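Here is the structure we will look at.
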Number of protein chains: 2
Amino acid sequence: MSKFLTLKSADEIFEMLNFDPLPPETLPLDQALGRVLAEPFPASEDLPGFDRSTVDGFAVRARDVFGATEGLPAALEYLGECPMGDVPQLTVGPGQTARIWTGGMLPPGADGVVMLEYSRPAGDKLVELTRPAAPLENVISRGEDASCGEELLPSGRSLRPQDLGLLAALGQTEARVIRRPRAAIISSGDEVVPVTATPRPGQVRDINSHTLAALVRSAGGEARSFGLAPDHRDKLRAMVAEALDWADLVVMSGGSSAGQRDFTILVFGDLPGVEILAHGVAISPGKPLILARQGQKSLWGLPGHAAGALVCAEVFLRPLIKRLTGQTDPEVWRAGLTASLTRPVASAQGRRDYIRVSLAPPETPGGPLQATPILGKSGLISTLVLAEALVVCPENLEGLEAGQIVPLHLSL
Amino acid sequence: MSKFLTLKSADEIFEMLNFDPLPPETLPLDQALGRVLAEPFPASEDLPGFDRSTVDGFAVRARDVFGATEGLPAALEYLGECPMGDVPQLTVGPGQTARIWTGGMLPPGADGVVMLEYSRPAGDKLVELTRPAAPLENVISRGEDASCGEELLPSGRSLRPQDLGLLAALGQTEARVIRRPRAAIISSGDEVVPVTATPRPGQVRDINSHTLAALVRSAGGEARSFGLAPDHRDKLRAMVAEALDWADLVVMSGGSSAGQRDFTILVFGDLPGVEILAHGVAISPGKPLILARQGQKSLWGLPGHAAGALVCAEVFLRPLIKRLTGQTDPEVWRAGLTASLTRPVASAQGRRDYIRVSLAPPETPGGPLQATPILGKSGLISTLVLAEALVVCPENLEGLEAGQIVPLHLSL
C-alpha cells in the first residue's frame with residue numbers, strides 16, 4: 001500500500017454515487033410524511049366527484065342574476081335548502097334558487113352561487129339577490145381539482161402535507177414509498193472511548209457515532225451504531241462484515257488515511273467482492289476519504305476528526321442517501337441561496353474548500369445575506385457548531401474575496 | 001352572533017401568538033435531533049482535554065525545525081513512538097523528536113508536529129525533517145475547541161448533528177429539550193367521510209386530518225387525530241373538551257365561518273375559560289379563521305376547504321409551534337430567499353394574499369429564481385400540490401407585477 005493518497009476530485013466522487021434506488025415498501029398515510037413516492041400516482045377518480053359550492057349562499061342559474069345590483073336585485077323563487085353530504089332532491093329552474101352551504105353539492109339546473117351576504121328575504125317564497133354570479137362562480141366543478149387519470153404526484157416526490165392530502169382525497173390509506181437507506185455507523189481508534197466513559201488523558205469520547213447517525217437521519221436514512229472498534233484489522237473486519245449484512249451503506253470513521261495505523265482501506269479490501277473506488281479526495285476538511293462498493297452497497301471510510309467526518313458526510317453521504325431514496329425533487333430554491341462574504345478567505349488551488357460561515361441579514365433591504373467565515377482550525381467541531389452554512393471555494397480559485405457573492409450550502 | 005366576520009390583519013394574529021414555551025423533558029442524545037435545547041449548555045470541561053496532533057508525523061520543538069528544507073533538513077534524535085489513547089512516557093528535549101499519530105497526545109516538551117510526508121530516516125537514531133513547523137502547527141491545543149465554562153449551545157437551539165456531537169464530546173448522554181407541542185386535530189362537516197369510506201354523491205373524504213397532522217409534525221409538533229365530527233354543537237363540544245384535556249393546541253377544521261351551520265365559534269365559546277381572540281382574518285386563502293385561548297392552550301378554527309385550512313396552518317400554526325418549542329434560531333437564510341415573478345398577480349387591497357408558485361432556476365447565472373404563479377381557484381388542493389413555495393402580496397398592494405422581486409415563503 002502506498003503511503004501517499006491519490007486524490008480524486010469531489011466531482012469524481014459524485015460520479016461514483018451511481019447506486020440504484022432501494023426497493024419500495026407500503027406505509028400508512030400518517031407515517032409517509034417526508035418519504036419518497038416509489039411510483040407516480042394518477043388520480044383514480046374525479047376530484048371533487050361533483051360540483052361543490054365554495055361559499056354559503058344561493059344556487060342560481062347565472063343568467064337569472066346577470067346585472068343584479070343593490071338597487072335592482074334579482075327576485076327569485078325560493079325552493080328550499082340543499083342538504084349537506086347528500087344529493088339535492090330539487091332542481092333549479094328558470095327564475096328559481098335554492099339555499100346552499102359551503103361544500104354542498106350544486107343542485108341540478110344551477111351553475112353558480114351568489115354569496116349569502118348579497119341576499120335578502122322578500123316575502124314568503126321569494127329571495128332578492130343583489131349581485132350577479134358568473135357561470136361556475138363560487139363553484140368547484142367536478143374534476144377541477146384532479147380529473148381521473150391525471151398524474152399530480154410524480155414518483156420521486158418527497159411527500160409533503162398537501163401531497164398526503166391529495167392521496168387521502170383519493171381514498172388512499174397507504175402510500176408506496178422507497179425504503180429508507182440503512183446506514184451502519186462504526187467509530188474506530190484506540191484513543192476513542194464511549195460517551196459514557198470518563199476519558200483518561202490521551203483519550204477522547206466518541207463524537208462521530210452521534211454526528212454521523214444524526215446526519216444520516218436528517219438526510220432521510222435509518223442509522224444504527226455498530227459500536228466502537230480498536231485499531232485492529234481482524235476485529236474491524238468482523239465488525240464491517242456484520243454491518244454490511246444489514247446496511248446499504250457502512251460508514252466508518254477513523255483510520256481512513258494511508259498510514260501505519262490506518263486499517264480501513266485494508267479491511268475494506270479484505271472483504272469479498274469489495275472494490276475500492278477512491279482513497280483520498282481533494283477537499284478540505286476531509287482529505288482522507290475512502291469510497292468502496294460491494295454490488296449496490298457502499299462502504300465509506302471517513303476521517304476520524306469530527307469536523308472532517310461530518311463535512312465529508314454532508315457533502316457526499318447526503319446526496320447518496322437522497323439518490324438511494326429515489327428522490328428527484330430538484331429543490332430549485334437552493335439555487336437562490338447566495339450571500340456576500342464579509343471577509344476574504346484563502347484556499348489552495350486544486351482543492352475544494354468547504355468554508356464554515358455564520359449568516360447575518362442583508363445590510364440593505366433586498367441586498368445579499370452577509371456570510372462571515374468562522375475562524376478556527378478546520379478540525380474543530382466548535383466551528384461547525386457556530387456555522388449556519390457552508391460556502392464552497394472551488395478548485396480553480398486560490399481564495400474568495402470580501403464582497404464576493406457566493407452560493408450557500410445550507411444543511412450544515 | 002353576527003353573520004359577518006370582523007377581520008383582523010395577519011399581523012394582529014401574529015401578535016396574539018404570545019404563548020409561553022412548553023416545559024422541558026430529558027431525552028437520550030440519539031433521539032434529540034431537531035429538538036430544541038431548553039437551557040444553555042456551557043462546556044463542562046476543556047475540549048480537547050490535552051494537546052492533540054491533527055496529523056501523522058513527528059512531534060518537535062518548533063525552534064528545532066525553523067528553516068528546515070529538502071536541501072537543508074533538520075536532523076533530530078529519534079526517541080520512539082507516542083502511544084494512542086495514553087500519556088506519552090517520553091519528553092522531547094532540544095534536538096529530539098518522537099513519532100506521533102493523528103489524534104495522539106503531544107508529548108511534554110513538543111509544541112508542534114511535522115507531517116510524516118516531510119520526514120526521512122537517517123540512520124539508527126536520527127530522523128531528518130524537511131519542513132519547518134510553527135508552534136502549535138498541526139496541533140489542537142487543550143481547550144481550543146471549547147474551554148470549560150464557555151457557552152457554545154444557547155437555549156432555543158434546534159439541535160443539529162454537530163450540536164449533538166459537541167454534547168457527546170462533553171460526555172452528555174442526554175439532552176434537556178422542550179417537550180413537543182401536542183396538537184389535537186378534529187375535522188367537522190356532515191359531508192365529510194373518513195378516507196376509508198367510499199363517498200356517496202355529495203360527500204367528500206376527510207383531507208384535513210391528514211394534511212394538518214402532517215403539517216404539525218413537519219413543524220416539530222406531535223399530532224393526534226380526534227376524529228371526524230358532524231355539524232352538531234353538543235357532539236362537537238364534547239370532542240373539543242376531550243381534545244383540550246390532552247392538547248396544547250386544538251385544531252378544528254370546518255364550520256369556522258359565521259353562518260347557520262358554523263358551530264366552531266359557538267363550541268369554543270361554550271367551553272369554560274375560553275376567550276375568543278379573533279374570528280376572521282384578512283388573508284386569502286383562509287378568511288374564516290378562529291383563534292381562541294384557554295390559559296396557555298390555543299384553539300383554532302380553520303376553514304373546511306383543504307387549501308384554506310393548510311395555508312392558515314402554514315402561516316399561523318407553524319410559527320406558533322416554533323414558539324411553543326422555544327426555538328430562537330433566527331434562520332437568517334430565509335431572508336435571502338427571493339424570486340422574480342414571471343407574470344403579474346392581482347390581489348385585493350386590505351388583504352394579504354398567499355400566492356402559490358412553482359420555481360425555476362435563474363435565467364442567467366447569479367440572477368433571481370423564477371417564480372410562476374399557479375393558476376386555479378384558491379380552494380383547490382391540487383394548486384398546493386403543484387406549488388413549491390408561497391409568495392406574499394401584502395395588504396397595501398393591489399397586485400404584484402411581472403419581473404418584481406418577491407420574498408419566498410418556503411415550507412409549502
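Would you mention how many residues in segment B:5-30 are loosely packed, with under 12 Cβ neighbours inside 10 Å and either on the phi > 0 side of the Ramachandran plot or modelled with pLDDT under 95 (or both)? Number satisfying all stated conditions: 1. Would you tally the residues in segment B:338-391 being touching a strand residue (DSSP E or B) at 6+ places or on another chain (Cβ under 9 Å), farther than 19 Å from B:GLY308 by Cβ and not polar (S, T, N, Q)? Going through segment B:338-391 one residue at a time, the tally reaches 15.
For segment B:330-350, a residue qualifies if it is modelled with pLDDT under 95, part of a loop (DSSP other than H, G, I, E, B) and not aliphatic (A, V, I, L, M), and the qualifying residues are B:PRO330, B:GLU331, B:SER347, B:GLN349, B:GLY350. In the set B:LEU33, B:LEU79, only one residue is under 30 Å from A:ARG217 (Cβ atoms) and modelled with pLDDT of 95 or more; that residue is B:LEU33. Reported count of residues in segment A:337-354, each being more than 7 Å from every other protein chain (Cβ to nearest Cβ) and farther than 15 Å from A:LEU400 by Cβ, is 1. When A:GLN89, A:GLN31 are checked against the criterion of being within 13 Å of chain B (Cβ to nearest Cβ) and either within 30 Å of A:ARG261 (Cβ to Cβ) or under 31 Å from the mean Cα position of the chain (by Cα) (or both), A:GLN31 stands alone in meeting it. Within segment A:138-192, the set of residues being facing chain B (nearest Cβ under 8 Å), β-branched (Val, Ile, Thr) and over 30 Å from A:PRO108 (Cα atoms) comprises A:THR173, A:VAL192. The set of residues in segment A:192-228 being among the polar types (S, T, N, Q) and over 19 Å from A:PRO303 (Cβ atoms) consists of A:THR196, A:THR198, A:SER218. From the list B:LEU302, B:LEU277, pick out the single residue that is within 18 Å of B:LEU380 (Cα to Cα) and either of a type in the set (Lys, Arg) or in contact (Cβ under 8 Å) with a residue 12 or more places away in the chain (or both). It is B:LEU302.
Could you tell me whether B:GLY85 is out of contact with any Pro (no Cβ under 6 Å at 6 or more places or on another chain), farther than 26 Å from A:VAL385 by Cβ and not aliphatic (A, V, I, L, M)? Give the steps one after another, and end with the answer.
On the way: out of contact with any Pro (no Cβ under 6 Å at 6 or more places or on another chain): yes; farther than 26 Å from A:VAL385 by Cβ: no; not aliphatic (A, V, I, L, M): yes.
So B:GLY85 fails the test.
Could you please give the count of residues in segment A:355-411 that are hydrophobic (A, V, I, L, M, F, W, C) and within 7 Å of chain B (Cβ to nearest Cβ)? Residues meeting the conditions: 11. Filtering A:GLY379, A:GLY304, A:GLY308 for residues that are part of a loop (DSSP other than H, G, I, E, B), in contact with a Gly (Cβ under 9 Å, 6 or more places away or on another chain) and assigned by TED's automatic domain parsing to the domain that holds A:LEU266 leaves a single hit, A:GLY304. Please give the number of the condition B:ALA292 fails out of (1) of a type in the set (Gly, Ala, Ser); (2) in contact (Cβ under 8 Å) with a residue 40 or more places away in the chain; (3) farther than 18 Å from B:LEU410 by Cβ; (4) touching a helix residue (DSSP H, G or I) at 6+ places or on another chain (Cβ under 6 Å). The number of the failed condition is (2). Restricted to strands (runs of 3 or more DSSP E) entirely inside segment B:99-142, those with at least 3 residues that are surrounded by fewer than 23 Cβ atoms within 10 Å (Cβ to Cβ) are B:119-121.
Mind checking which helices (runs of 4 or more DSSP H) fall wholly inside segment B:188-282 and carry at least 1 residues that are in contact with an Asp or Glu (Cβ under 7 Å, 6 or more places away or on another chain)? Walk me through how you get there before you give the answer.
Details: elements: B:208-218, B:233-246, B:264-270.
Per the criteria, B:208-218, B:233-246.
Keeping to segment A:349-371, report how many residues are closer than 30 Å to B:GLY103 by Cβ, surrounded by fewer than 16 Cβ atoms within 10 Å (Cβ to Cβ) and either among the β-branched types (Val, Ile, Thr) or in contact (Cβ under 8 Å) with a residue 60 or more places away in the chain (or both). Count: 1.
Hey, among the residues in segment B:42-72 that are among the aromatic types (Phe, Trp, Tyr) and more than 10 Å from chain A (Cβ to nearest Cβ), which one's surrounded by the most Cβ atoms within 10 Å (Cβ to Cβ)? Outline the logic, then answer.
Keep residues of segment B:42-72 that are among the aromatic types (Phe, Trp, Tyr), which gives B:50, B:58, B:66.
Among the residues that remain, those that are also more than 10 Å from chain A (Cβ to nearest Cβ) are: B:58, B:66.
Values: B:PHE58: 29, B:PHE66: 11.
The residue in question is B:PHE58.
The values are calculated or read from the model by the stated rules, or taken from the named source; none is laboratory data. Note that this is a predicted model, so its numbers are computed, not measured. No Cβ is skipped: glycine too gets one built from the backbone with ideal geometry, and neighbour counts run over all protein chains shown.
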